[in-house]
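So the structure is just underneath, and the comments pick up after that.
The values are calculated or read from the model by the stated rules, or taken from the named source; none is laboratory data. Because the structure is a prediction, the values reported are computed rather than measured. Every residue, glycine as well, gets a Cβ built from its backbone with ideal geometry; the counts of neighbours run over all protein chains shown.
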Amino acid sequence: MKADSHIKKCKQCGEWTDGSRNTCSFCGAELDSQYKKEIQRRIDRGDPTVPLIQVNEDDPLWMKIAKRPIQVAQLIFYAILAFLVYLTTIFAH
């Protein structure tokens, strides 16, 4: 095993193995199978994005000018919401 690589503990056999491998070098079990399944599930569901008004290249100039302040207002609104969520989690304890 290389000195600069990280090691992982196999959940099947409990032995420490090279973390850069996909399978355990002792028992052959797949490493991080639950993590990989969760990542695939999230990819299948789609990446959650913040819905913003899109400014398209083919929009007329007046529409581009009108859409930009709306985008800024949306971002400010989402920032305020995130801050309120942050405050509620702090004071919930």
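Numbers for the structure displayed
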quantity	calculated
Inter-residue pairs, beta-carbon under 9 Å, first within 19 Å of E15 (Cα to Cα) and in segment 28-39, second charged (D, E, K, R) and in a helix (DSSP H, G or I), 6+ apart	E30/K36
Filtered residues of segment 45-75 (kept if modelled with pLDDT under 85 and in a helix (DSSP H, G or I))	R45
Segment 28-52: number of residues that are over 19 Å from the mean Cα position of the chain (by Cα) and surrounded by fewer than 13 Cβ atoms within 10 Å (Cβ to Cβ)	1
